[in-house]
Amino acid sequence: MEQVFSYIISLGASVMMPILFTIIGLSIGMKFGKALKSGLYVGVGFVGLGIVTALLTNNFGNPLSEISRLYDLQLGVFDMGWPAAAAVAYNTAVGALIIPICLGVNFLLLITKCTRTVNIDLWNYWHFAFIGAVAYFVMDQSLAWGYFAAIVCYIITLVMADLTADKFQGYYDDMEGISIPQPFCQSFTAFAIGINWLLDKIPGFSKLDIDAEGLKRKFGVLGEPIVLGVIVGALIGAVAQMDIKKVLFLGVTMGAVMELIPRITKLFIDGLKPIAEKTQEVVQKKWAGKKVYIGMSPALVIGHPTTLVASLILIPLALLMAVALPGNEFLPLASLAGMFYVFVMVLPYTKGNVVKTLIVGLIAVGIGLWFVTDMAPAFTQAAQTVYAQTQDPAAKIPEGFQAGALDFASSLFGWVIYKCVNSLAYVGAAVLTLITLAMMWWNRRRIVAEEKAAKA
């Protein structure tokens, strides 16, 4: 078995994933040509991720090292971004089978009425593969621990998608029947509920707000990812006291990274969309007449004005926090492109209030920086092993740095699971199992009660 997995991993995600997705497509009734095309889009996407990540790691390692030396900063965790995290996730023994295993778990939870969500957001399964990969490596390459961590995260996310579906559908337009089973977004729900409740206790605070639409217009070109990237890259070069030629080069390079990441993401979406649509068709046939949520990507709603405004304000504040926060060793770079996803599940609870949304984001991201720093040794171990096995440039860490990423390493779900597995081992596994079973039981009671009420 070990030799089989070693061979599969050695193929690299750019080869392995097209094969896997072609098989998945055929198994749900897609024509061979369409299934193959979907798989190839995913493979090409991974090639693109490697190129973009290499741009980042090859050009920003030395400037960041120089900044740390000049100003005596402890910023030894390099932001590999979600491209590297995804590459690490899918280039492991856990990632190789994560999609069919999680789909099987999803099916079991549906028929036992423990969830209403069918998670067809297949690309974001890398989040589950990532925490599984981290557990796999910190527990001496144990597949049992890896899949345990991934499945726990998957089940918790499905339940959270159910519990937040009404809020999500009530806030965003034209989202009936949709839930968001993405663990990075869902991990901010707890922050949103708790912090929003506290802010509501302050007299008159709810009336304090900013016109999101107006502010969005004022940002103009500064709100474009490519321009933000140029500004951040040039600032890094300037702070590192480099010559004007290098400053400009770093600016354009960071701009390219910020612009190319969403474009490469579209390749994955183009590849996975036909498979997701076919899965949705199969589900609707199987559960016709029953209330079922279709689990979709949070990318559907990141264009909301409040999300854009809060993200654009948070980006420079996150950089300042990274430098000033005691105990933090992580400076967000590539992860800045994913900042918009922080607020997807926050807005339904803050009701679009920009000030409250921004406060939630500041606190959550600030704590997330500590999570990334704490998880960096495990992420580094996983990335180094994957790079040694596959030579995937997306997993290559600049010399003298550890690996980090805001998405998914800053997630509350990911960090809690990691600490339970890494620090508490079997005790942690027992705690996670009890939490997961309790959430399943509670959600099932709620679903059954609603079905009975509907029949009455």
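The table for this structure:
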read-out: The one condition in (1) surrounded by fewer than 17 Cβ atoms within 10 Å (Cβ to Cβ); (2) under 27 Å from THR436 (Cα atoms) that THR157 fails to fulfil; value: (1)
read-out: Any hit, the range 227-238, residues being closer than 22 Å to ALA85 by Cα, modelled with pLDDT under 75 and assigned to a helix (DSSP H, G or I); value: no
read-out: Where LEU314 falls short, out of the listed (1) aliphatic (A, V, I, L, M); (2) within 27 Å of SER65 (Cβ to Cβ); (3) in contact (Cβ under 8 Å) with a residue 60 or more places away in the chain; value: (3)
read-out: Top-ranked residue in the range 160-181 [being aromatic (Phe, Trp, Tyr) and not in a loop (DSSP other than H, G, I, E, B); ranked as surrounded by the fewest Cβ atoms within 10 Å (Cβ to Cβ)]; value: TYR171
read-out: Selection status of PHE148, part of a helix (DSSP H, G or I) and modelled with pLDDT under 95; value: no
read-out: Members of the range 353-405 that are within 20 Å of PRO63 (Cα to Cα) and not in a helix (DSSP H, G or I); value: LYS396, ILE397, PRO398, GLU399, GLY400, PHE401, GLN402, ALA403, GLY404, ALA405
read-out: Filter result for ASP374 (free of Cβ contacts under 8 Å to residues at least 60 places away in the same chain and closer than 19 Å to CYS153 by Cα); value: yes
read-out: Boolean, LYS351 is touching a residue at least 24 places away in the same chain (Cβ under 8 Å), basic (Lys, Arg) and surrounded by fewer than 24 Cβ atoms within 10 Å (Cβ to Cβ); value: yes
read-out: PRO203 vs. criteria in contact with a strand residue (DSSP E or B) (Cβ under 7 Å, 6 or more places away or on another chain) and outside any helix (DSSP H, G or I); value: no
read-out: Subset of the range 104-125 (residues that are touching a residue at least 60 places away in the same chain (Cβ under 8 Å) and not in a loop (DSSP other than H, G, I, E, B)); value: LEU109, LEU110, THR117, VAL118, ASN119, LEU122, TRP123, ASN124
read-out: Number of the exception - THR117 against (1) surrounded by 24 or more Cβ atoms within 10 Å (Cβ to Cβ); (2) modelled with pLDDT under 90; (3) on the phi < 0 side of the Ramachandran plot; value: (2)
read-out: Some residue of the range 259-267 being buried (at least 23 other Cβ atoms within 10 Å of the Cβ) and modelled with pLDDT under 85; value: yes
read-out: Looking only at the range 326-352, and only at residues there that are at pLDDT 90 or above and of a type in the set (S, T, N, Q), the one that is farthest from ILE178 (Cα to Cα); value: ASN328
read-out: Number of the condition not met by ALA240 [criteria: (1) touching a Pro at 6+ places or on another chain (Cβ under 6 Å); (2) surrounded by fewer than 23 Cβ atoms within 10 Å (Cβ to Cβ); (3) closer than 22 Å to GLY368 by Cα]; value: (3)
read-out: All positions within the range 29-77 that are in a helix (DSSP H, G or I) and polar (S, T, N, Q); value: SER38, THR53, THR57, ASN58, ASN59, ASN62, SER65, SER68
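The values are calculated or read from the model by the stated rules, or taken from the named source; none is laboratory data. All values derive from a computational prediction rather than experimental measurement. Positions of Cβ are generated from backbone atoms using ideal geometry, with glycine treated the same way; all protein chains shown enter the neighbour counts.
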